[in-house]
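Presented below is the structure to which this report refers.
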Amino acid sequence: MPHRLLSTALALAALASAPLSWAQGPAPAAPAAATPTPSSPEKKRLVERVIQLQMPGVENLGRQLAEQPALMMGQQASQALQRLPAERREAVARDIQADLRQYVEEMAPPMRDRAVRLAPGILTPMLEERFSEQELREVIVLLESPTLRKFQNAGPEMQRALGERIVAEGRASIEARAKVLEQSIVRRLNPPAAPGSAPAPAPAPTAAPAAPRAPAR
């Protein structure tokens, strides 16, 4: 279908997984600069446990970063498809979808592994600085809550249902507005000639071939 790529891109964007639990809500104010104190072994153990509990979100972040270029290229391709002959659109869209899927399948695992490798070194000092041992214990209790786990497990299905409905109801208006935006960008990139500017010189007319002269007698 000609709009399949746009629908896929919108759905994937809507289904972008929830942020890490500790990252939800407004960003806290930056703490005042202070000399860091060495963390106790107990605090290090608590921080390690928090990061371990957040690893599913860390892996998800890596996958999202791998998917972003494919989403953007899919959106651009969906617009370019409209300029193809109607009889070619579905086949080309199917081939492009296969290319985008292959890209994500190749790039998501290394990006996920990189996120898992980098997370402890980046998150450990932040957690050690911003949370006390008691606060870390409370965070662990929350993250280990069976109710919270049940809610988090239901999150992808709820997001999928909402995303599909948003795409279904918003596709027409988004495509119409995107077309207007595209036309506006084209006009800005190709502005009309300024008033009073000399028109481009017309090509010189091609001289007519001379009539054959009558042979001399």
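Beta carbons within 10 angstrom, averaged per residue: use that to sort the peptides 153-164, 47-58, highest first.
The peptides rank, most packed first, as 47-58, 153-164.
Would you mind putting 182-190, 126-134 in packing order, based on average other-beta-carbon counts within 10 Å, highest first?
Descending packing order for the listed peptides: 126-134, 182-190.
Starting with the highest mean, order 112-119, 59-66 by the number of other Cβ atoms within 10 Å, averaged over the residues of each peptide.
The peptides rank, most packed first, as 59-66, 112-119.
Read the figures in this text as sums done on the coordinates, not as results from a lab. All values derive from a computational prediction rather than experimental measurement. Don't worry about glycine lacking a Cβ; one is built from the backbone with ideal geometry, like all the others, and counts go over all protein chains shown.
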